[in-house]
Structures are given as structure tokens and as C-alpha cells.
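One structure is given below, encoded as C-alpha cells.
The values are calculated or read from the model by the stated rules, or taken from the named source; none is laboratory data. All of these numbers come straight from a predicted model, not from anything done at the bench. With ideal geometry, Cβ positions are generated from the backbone for all residues, glycine too; neighbour counts draw on all protein chains shown. SASA here: full protein model, heavy atoms, side chains in, ligands and nucleic acids out. Shrake-Rupley method; radii C 1.70, N 1.55, O 1.52, S 1.80 Å.
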Amino acid sequence: THGYKEAIVSALALNPTMSFLIRTYHGLTENYRGLKRIKMALYHSAESVLTASHVRQHVTVNHSLATALRLVGRPDHSVIYNVARVGNETPDRALFSKRPAVAIVDRLVPVKRVDRAIAAFEEFLRGTELPNAGLYIIGDGPERPALEELRERSEFRDQIHFMGSCSDAARRIASADA
């Protein structure tokens with residue numbers, strides 16, 4: 001979780017008269033193991049109890065997540081998409097050596113399933129005549145070593161590139177072909 005959530009839950013515990021909250025859902029819960037799983041289960045239970053009477057609006061980042069939450073008994077959600085602004089960015093074709101360039105920006109954590117993006121890219125390459133296509137993964141996180149190992153086992157390892165975290169992600173997306 002992010003630090004701001006702990007601050008809100010703590011504030012509600014100390015001041016139960018707080019007026020209202022907007023609760024956001026960015027994805028489904030990660031599959032934690034061991035003590036981390038117990039800690040997260042306790043945290044989510046406490047968060048739900050403490051925020052239940054204060055939440056006035058629920059927001060998700062896409063319609064499929066809103067549908068999934070409705071299926072498990074969560075109320076209706078407004079949808080506000082996570083979108084990188086690329087309209088004002090000047091593309092820089094030199095950023096990517098392989099073309100067409102497919103770029104993704106994400107945290108490299110298990111719940112984001114970047115491994116599926118790599119598998120989809122490999123499948124795409126098997127079915128096309130684009131030997132110079134490249135997948136550019138922009139972002140960083142604890143899953144990076146496992147994803148780099150996955151790349152090393154790939155027949156397309158020379159076409160899968162990790163770019164790490166960067167401050168110009170919008171420009172990089174604008175410079176990609178997809």
C-alpha cells in the first residue's frame with residue numbers, strides 16, 4: 001500500500017467525525033504470501049471498517065475493474081482512466097533502435113502481469129514478418145529480475161528491452177509505434 005492510505009486510516013481512527021472520502025481502486029489485490037498476506041488482510045479489514053461510513057464515492061481506473069468489484073458485492077463505481085498525456089510531446093524516433101517499437105509503462109510488480117505483455121509480444125512476433133520489432137518496458141520494481149530472466153529464456157531476447165524508470169515516460173510513449 002501507499003503511505004497516504006495509512007495516514008487516512010489513522011486519521012479516521014483518531015477522528016471518526018471526518019466528513020467523507022473518495023475511495024479509489026487501481027487494481028485487484030496482489031497475491032501476497034506468509035506474514036505479508038496476514039498483514040495485508042488485517043490492513044484491508046481495518047480500512048474497510050474504518051472507512052465504510054465515510055466513503056461517498058468509489059472510483060476505478062477501468063470498466064472491467066468496476067465490473068469485477070460489483071461481482072464481489074462492491075457498490076457501483078465511477079470510472080476515471082489512468083492515461084499518460086502524450087498530445088503535446090514531441091516524438092523522438094531515435095529513442096528506440098527496433099521498429100516498430102511497442103512500449104509499455106508500468107511498475108514491475110506481480111499484479112501488473114508484465115510477463116503477459118512479454119508473452120503477447122512473443123506471440124505477435126511468431127505470427128508476423130517484423131523481425132526488427134522491439135518491446136520496450138519502461139518502469140522498475142521488484143519483479144524486474146524475474147522479468148529479465150524471462151527475457152533471457154526468450155527466443156526474442158534481443159528484441160525485449162528494459163529501460164528502467166524515467167522522467168520522460170510520456171515522450172517515450174509518444175515516440176513508440178504502439
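Worth pointing out:
- Carbon plus sulfur fraction of accessible area for the range 126-178, probe 1.4 Å, in percent: 46 percent
- Applying 1/(1 + (r/R0)^6) with r as the Cβ-Cβ distance of residue 71 and residue 106 and R0 = 30 angstrom yields a FRET efficiency of 0.75.
- Label point distance in nm, residue 94-residue 40, each placed 7 Å from Cα along Cα→Cβ: 4.3 nm
- Close amide H partners of residue 162, meaning residues 5 or more places away or on another chain with modelled amide H under 5 Å apart, are 137.
- The tail of the calculated P(r) for the range 112-178, taken as Cα-Cα distances beyond 21 Å, holds 24 percent of the pairs.
- Here the simple spin-label model places points 7 Å from the Cα toward Cβ, and for residue 162 and residue 140 these points are separated by 1.1 nm.
- Solvent-accessible area per residue in the range 109-178 equals 54 Å², computed with a 1.4 angstrom probe and all protein chains kept.
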